[in-house]
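Below is one structure, written out as structure tokens; comments come after it.
The values are calculated or read from the model by the stated rules, or taken from the named source; none is laboratory data. Source: prediction; values computed, not measured. Here the Cβ positions follow ideal geometry from the backbone for every residue, glycine too, while neighbour counts run over all protein chains shown. Heavy atoms of the whole protein, side chains included, go into the accessibility calculation; ligands, DNA and RNA do not. Shrake-Rupley method; radii C 1.70, N 1.55, O 1.52, S 1.80 Å.
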Amino acid sequence: MVGLVAAAGVALGDPPADYASIAAVGLFVALMCVCIIVGHLLEENRWVNESITALFIGLGTGAVILFASSGKHSRVLVFSEDLFFIYLLPPIIFNAGFQVKKKQFFRNFITITLFGAVGTLISFTVISLGALGLISRLDIGALELGDYLALGAIFSATDSVCTLQVLSQDETPFLYSLVFGEGVVNDATSVVLFNAIQNFDLGDISTAKLLQFIGNFLYLFSTSTILGVAAGLLSAYIIKKLYFGRHSTDREVSIMMLMAYLSYMLAELLDLSGILTVFFCGIVMSHYTWHNVTESSRVTTKHAFATLSFIAETFLFLYVGMDALDIEKWKIVGQTYSPVKSVALSSTILALVLVARAAFVFPLSLLSNLTKKTQEGKISFKQQVIVWWAGLMRGAVSIALAYNKFTRSGHTQQPSNAIMITSTITVVLFSTIVFGLLTKPLIRLLIPPRHLSREPSALSEPSSPKSFLEHLAANSPGHPDLENGISLRRPTSLRLLLASPSRSVHHYWRKFDDGFMRPVFGGRGFVPFVPGSPTESSVPLLAGNEN
């Protein structure tokens, strides 16, 4: 945030640095308030979502600033990849892991990994080869092989943030878990792939080098995941043993937030994928750590993580919208290239994105369906179309990687680099606005509302402390089916599954989880019990489950 406000002088003169910082912070706070209000008014709109609203408001604000300053103060619109990767992305990805419906996610984990990892590699190959064959003919300047490969990684990164707002986890849990889960793995794969290309010697390519590249790729994936799981388990163990809540719930909330952020920063310091690390840290914390804290801390963490994520998302789309009108790079492109060439480049990239996503969604869906013995869990053709369409949006990850590759210090004077940046921004804006606007209507067209799932509780862990307590109470001996007038709906199939689970991976995981993991790290049914604590009065039945 400091880097942003330092560069954000919005007054028309040359004000003191403190004044410029205050003005920049005030501007963004006011704009976020406007986004929240407008987003609330448009909540029931079937076309517009809050990310698109924030983009439009950012574009409008950027236009006003440029007009008021006569086009001289465009530095306020600079996109900072450090701000994005260090401050904005971690709370968004962590909250996604913390709130994700774990049963649905891990039930489709193989398909998600197939789409997110293998699919991204296929998309990378198609876009890189297409760029090498088509963009090289546009004669936009001296681009090397590494630049075309970088383009493949940049435009293989989907916008998982926008996916959160165009798909409903409650109405379409299966599609949400597929598209969003793939988006998280996809972002991590794209970033790891991009960094690997940057460090790879393209002048010395051999079979041994390629095998080493694949080995490093798999190593980064596995170690990033393990680090996230370890950080989540460590936080669960510390809170379970020390039980901060007996004195202060603030300490519980603070240690969860800080350890989650620490896992992300540690992954970045070790050159791992911070996205994968913080995502799996969020999943583990929601499974173990969240159940170890007091009831008030559970309510606080649920809302605090969601609020931080919401603010970061709104800020991010505002930021991208304003940066799109940074006048300097557009002037360089306008002076060097014709409008036809700029449009041709953006159109070529967009076409490659469409083809590349289709190249893996439909074949891998077919492959995934072949592994399913029953119709349940198979991806229908209509669902495949939605998965293909919803993953076409490109966002801040693509912009951040493009700036990393084609600029220095937030801007560039080289025409070929400038046109790559402007084309990236054009593709991001077009895909987010156009594809984002049409996603909800497309879902309603292909899957009418009467076919949408309305039983989210059957596929997830309890989403709040209240539902958590209700779940425990409803399953306790002799407890009535209704508590405080609230009925806990559980499908018959799920009751049977919980009563006598099949001999599946999930069954053996539950046995291991209940027999070893939860007694050591806590979790539902193994909440610390301290006399006089909030737990004693709110969950009396937990005393029988104490370790």
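Suppose every Lys and Arg Cβ carries +1 and every Asp and Glu Cβ carries -1, with no other charges. What dipole size does region 285-372 come out with about its Cα centre, to the nearest 20 debye?
Roughly 280 debye, rounded to the nearest 20.
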statement: Here the Kirkwood hydrodynamic radius of region 121-277, Cα-based and in Å, equals 18.3
query: Where only protein heavy atoms count, and the probe is 1.4 Å, what is the accessible area per residue for region 151-293 in Å²?
result: 36
- prompt: Once both labels are modelled 7 Å past Cα along the beta-carbon direction, what's the Val340-Val64 spacing in nm?
  reply: 3.9
task: Identify all lysines with a Cα-Cα distance to Lys378 below 21 Å; exclude those on the same chain that are fewer than 8 residues away in sequence.
output: Lys101, Lys102, Lys103
task: Find the Rg to Rh ratio for region 50-202, where Rh is the Kirkwood radius over alpha-carbon pairs and Rg uses the same atoms.
output: 1.04
- request: With a/c under 1.5 counting as rounded, go ahead and sort region 253-392 into rounded, prolate or oblate using the C-alpha gyration tensor (a ≥ b ≥ c being the square roots of the eigenvalues; past the cut-off, prolate if a/b is larger than b/c, else oblate).
  value: oblate
message: What whole-number distance in Å separates the alpha-carbon centres of region 297-318 and region 361-419?
response: 25
- prompt: Roughly how many Å is it from the Cα centre of region 135-190 to that of region 216-293, as a whole number?
  reply: 26
message: With unit charges on the beta carbons (Lys and Arg positive, Asp and Glu negative) and the dipole taken about the Cα centre of region 250-374, which residue among Val353, Tyr337, Val293 sits farthest to the positive side?
response: Val353
- request: Mind checking which of Ile135, Ser160, Asn95 is farthest towards the positive end of region 95-172's charge dipole, using Cβ charges of +1 (Lys, Arg) and -1 (Asp, Glu) about the Cα centre?
  value: Asn95
- request: Compare the peptides 206-218, 150-162 by average per-residue count of other Cβ atoms within 10 angstrom and give them in order, highest first.
  value: 150-162, 206-218
Cα-based shape type of region 128-220, given that a ≥ b ≥ c are square roots of the gyration tensor eigenvalues and the cut on a/c is 1.5: oblate
task: Please label the shape of region 223-320 as rounded, prolate or oblate, based on the square roots a ≥ b ≥ c of the eigenvalues of the alpha-carbon gyration tensor (a/c under 1.5 means rounded; beyond that, a/b larger than b/c means prolate, else oblate).
output: oblate
query: Which order, highest average first, do 285-296, 131-142 follow once you tally other Cβ atoms within 10 Å for each residue and take the mean per peptide?
result: 285-296, 131-142
